[in-house]
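I have placed the structure first, in the form of structure tokens, so that the comments after it can refer back to it.
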Amino acid sequence: MSNFRPATLAETMREALDDDVLLLWFLPGEDRSYLWAVTRDRWSLLRLAPGRTLERAARRLRELAGARPGSGGRDSCRQAAAELSRLLLAPVARRMWRTKLVIAAAGALQTVPFGTPPDPVTGRPLIESRQISLTPSVSTLLAVRRLRVRAQKSEGVAIFADPVYSADDPRLKPIEQPTALWFDAVNWLALIHTPYAARMLALSA
């Protein structure tokens with residue numbers, strides 16, 4: 001990580017987002033907050049309420065969502081979710097035609113259960129109409145995407161095995177009640193997944 005540097009907007013648009021993804025990057029501030037709404041081919045910077053207003057609404061929803069069920073609790077949770085949706089999602093409703101959302105947030109907004117607030121387009125909980133992913137930061141999103149691309153281009157092969165090196169390996173203990181094994185295609189697949197596969201392979205060699 002010695003060469004780490006923050007991601008630029010151009011890099012994020014070019015490398016980190018697919019065509020069906022909308023990145024919502026919330027940046028709460030003391031006097032005003034901002035929301036970057038970014039897709040692969042365009043971006044918008046929207047002004048939101050002050051950070052203390054957003055964080056207060058986020059804490060209220062989190063507390064109500066985690067409280068024990070009680071009289072009026074469900075209605076209070078719905079109201080808190082609707083208020084948070086009004087503050088965070090309503091300003092970007094016209095751009096939310098993509099089905100996949102990647103959300104980056106700071107401060108108390110990192111703990112928001114973003115699947116709970118109603119979708120400003122459909123009115124249903126956001127999780128019902130969108131595929132939601134959370135990322136600690138836009139730079140992290142870009143770094144992970146680059147690692148994935150690098151892994152896909154790699155020609156190396158990773159092999160995981162549990163080899164037998166000695167004759168007294170407990171996996172080679174005698175079978176108390178051996179059963180007949182037919183070496184057709186189906187039973188061969190079953191055989192190689194038994195604890196005695198190594199012994200059977202040695203005997204058939």
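Only the coordinates and a few stated rules stand behind these numbers; no lab work does. Here the structure is a predicted model, which is why all the values come from computation and not from measurement. We place every Cβ from the backbone using ideal geometry, glycine too, and count neighbours over all the protein chains shown.
Mind giving me the FRET efficiency for Val149 and Arg5? R0 is 25 Å, r the Cβ-Cβ distance, nearest 0.05 is fine.
That pair, Val149 with Arg5, gives E of 0.90.
Report the extension gain between Ile132 and Arg32 in nm, rounded to one decimal, defined as 0.36 nm multiplied by the number of residues separating them, less their alpha carbon distance. Numbers along the way, then the final one.
Details: separation 100, 0.36 × 100 = 36.00 nm, distance 2.54 nm.
Working it through step by step, the gained length comes to 33.5 nm.
How far apart, in nanometres, would the label points at Ala67 and Lys100 be if each is projected 7 angstrom from Cα along the Cα-to-Cβ direction?
Label-label distance for Ala67 and Lys100, simple model: 3.7 nm.
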